[in-house]
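Contents: one structure, followed by commentary.
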Amino acid sequence: MKKWALYLIVFLGIVSGFFMYNSYRLIKENIALKKELKETNEGYDNNIQYAIKLEDSISGFQKQIKDLQAADKFSLTGNPKAAKYLSDIDDQTDWQKYVIDTLMKTNNMKGNNPLVPFDGMAGAMKIIDAKVLNNRWIIARFSDGTYSGEMLLRYDINKDKSIDFKVLDQTLFS
């Protein structure tokens, strides 16, 4: 009977040692997983905070852009009467973009742009930039690559949405 008790004690010692080792290993893995999860959550939280800051910055920039546009009285966005005049013609059209695009299409012709009152000396004179001031006027910059200037244009929108341009004044820089 003593032998049997000895075998039982040895067997129980081996089994309890096995369970203790497995419990120790599981606890270590659990601690490592908790640490990894905590680091992941902290990184996720940091990313969320960063995204919120970016959204706030974007909102702030959009507000600043709107404020600057409203402060620019020589633009369609800063001149409600000019904007209303054009929206009465057609409220679906982005008139500022439409007028500038139509003006820039005059560059597609060979040689000098017919609206630029100067011949190019270092190449063809082309309109390189323009700004719609209101429902009647545009200021435009032109250049041939070396020489440049600016001009003031009047534009009229016809019933078929075609646009007629007329140069009111110009200057050439040396």
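Structural remarks
- Within region 114-128, the residues that satisfy the criterion of being part of a strand (DSSP E or B) and buried (at least 16 other Cβ atoms within 10 Å of the Cβ) are LYS126, ILE127.
- Just one of the listed residues (ALA70, ALA5) is closer than 30 Å to ALA140 by Cβ and at pLDDT below 80, namely ALA70.
- Taking region 134-149 as the range and being modelled with pLDDT of 90 or more and under 21 Å from LYS161 (Cα atoms) as the test, the residues that pass are ARG136, TRP137, ILE138, ILE139, ALA140.
- Screening LEU172 on (1) in a strand (DSSP E or B); (2) free of Cβ contacts under 8 Å to residues at least 40 places away in the same chain shows it passes everything except condition (2).
- The number of residues in region 88-113 that are surrounded by 14 or more Cβ atoms within 10 Å (Cβ to Cβ), part of a helix (DSSP H, G or I) and polar (S, T, N, Q) comes to 4.
- Cβ separations smaller than 9 Å between residues 6+ apart or across chains give no pair from region 97-111 residues that are in the same structural domain as ASN134 (by TED's automatic domain parsing) to residues that are of a type in the set (Lys, Arg) and exposed (fewer than 11 other Cβ atoms within 10 Å of the Cβ).
Yes/no per residue for (1) surrounded by fewer than 10 Cβ atoms within 10 Å (Cβ to Cβ); (2) over 30 Å from LYS131 (Cβ atoms); (3) of a type outside the set (Asp, Glu):
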| residue | (1), (2), (3) |
| --- | --- |
| VAL10 | no, yes, yes |
| GLU42 | no, yes, no |
| LYS53 | no, yes, yes |
| ILE58 | no, no, yes |
| ALA70 | no, no, yes |
| LEU76 | no, no, yes |
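- If the condition is being over 18 Å from LYS97 (Cβ atoms) and touching a helix residue (DSSP H, G or I) at 6+ places or on another chain (Cβ under 7 Å), then region 115-159 contributes LEU115, LYS126.
The values are calculated or read from the model by the stated rules, or taken from the named source; none is laboratory data. Being a predicted model, the structure only gives us computed values, none of them experimental. Neighbour counts are summed over all protein chains in view; Cβ atoms, including those assigned to glycine, are modelled from backbone coordinates with ideal geometry.
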